[in-house]
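What follows is a set of notes on a single structure, which appears directly below.
The values are calculated or read from the model by the stated rules, or taken from the named source; none is laboratory data. Treat the numbers as computed from the prediction; the structure is a model and nothing was measured. Cβ placement follows ideal geometry from the backbone for every residue including glycine, while neighbour counts extend to all protein chains displayed. Surface accessibility is based on the protein's heavy atoms, side chains included, excluding ligands, DNA and RNA. Shrake-Rupley method; radii C 1.70, N 1.55, O 1.52, S 1.80 Å.
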Amino acid sequence: FRQKLPDRWKNRYLPALKKVRHASFCWLKAQIKLSALTFCIVTAGLMLLRVAYAPIWAFGIALVDAVPLLGTGIILLPWSLISLVQRNNLLAIGLLATYGAASICRTLWEPRLLGKQLGLDPLVTLMALYFGYQVWGILGMIFSPLLAVTAIGLTRGTPNSP
């Protein structure tokens, strides 16, 4: 396949494709780190609340959190509501606090981790995440940082650019 490409394309686009592959791997690494952060926060919260099998629950919640349209709230908010209806107010408030802590930490750390892993400035990453969400929704939040890395790689890789 490479031999059939013109030299101009080989010099310009193949390095960009390598950067996209590398960026995809880095994005996956950042998501794993974010899931680990969520796991630690939820485990700590559930252990403080003395929930049985807290690490197992936290692992399941972290897995659900990794799915784009879902998050920690898909489990913790209904669980908190059920606890409130059952008059277990301490558990309900604790679950809400755990949800809040996990959400805030993920919101604060996502641009930093993605930016660091992808080699982007955190502000550029945050702008890409926001732009991607506004234009393409949840999937845009996944692909927009990768597109930003690709665009920067293509513009820096051109012979006429500084």
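Odds and ends about this structure:
- Residue pairs meeting the criteria (Cβ under 9 Å; at least 6 apart or on separate chains; first open to solvent by 100 Å² or more (accessible area, probe 1.4 Å), in region 2-19; second not charged (D, E, K, R)): Arg2/Leu14; Asn11/Gly157; Asn11/Pro159; Leu17/Thr150; Lys18/Gly153
- Subset of region 31-50 (residues that are open to solvent by 30 Å² or more (accessible area, probe 1.4 Å) and either over 23 Å from Gln117 (Cβ atoms) or without any contact (Cβ under 8 Å) to a residue 24 or more places away in the chain (or both)): Ile32, Phe39, Cys40, Ala44, Met47, Leu48, Leu49, Arg50
- Reported count of residues in region 127-140, each being within 13 Å of Gly115 (Cα to Cα) and in contact with a Leu (Cβ under 9 Å, 6 or more places away or on another chain), is 2.
- Look at region 62-83: where a residue is under 15 Å from Ser35 (Cα atoms) and a partner is assigned to a loop (DSSP other than H, G, I, E, B), sitting 6+ places away or on another chain with Cβ atoms under 6 Å, you get Val64/Leu70; Asp65/Gly71; Asp65/Thr72.
- Applying a threshold of 7 Å to beta carbon distances and a minimum spacing of six or more residues, or different chains, the list of pairs starting in region 95-114 at a residue that is aliphatic (A, V, I, L, M) and ending at one that is surrounded by fewer than 17 Cβ atoms within 10 Å (Cβ to Cβ) reads Leu113/Lys33.
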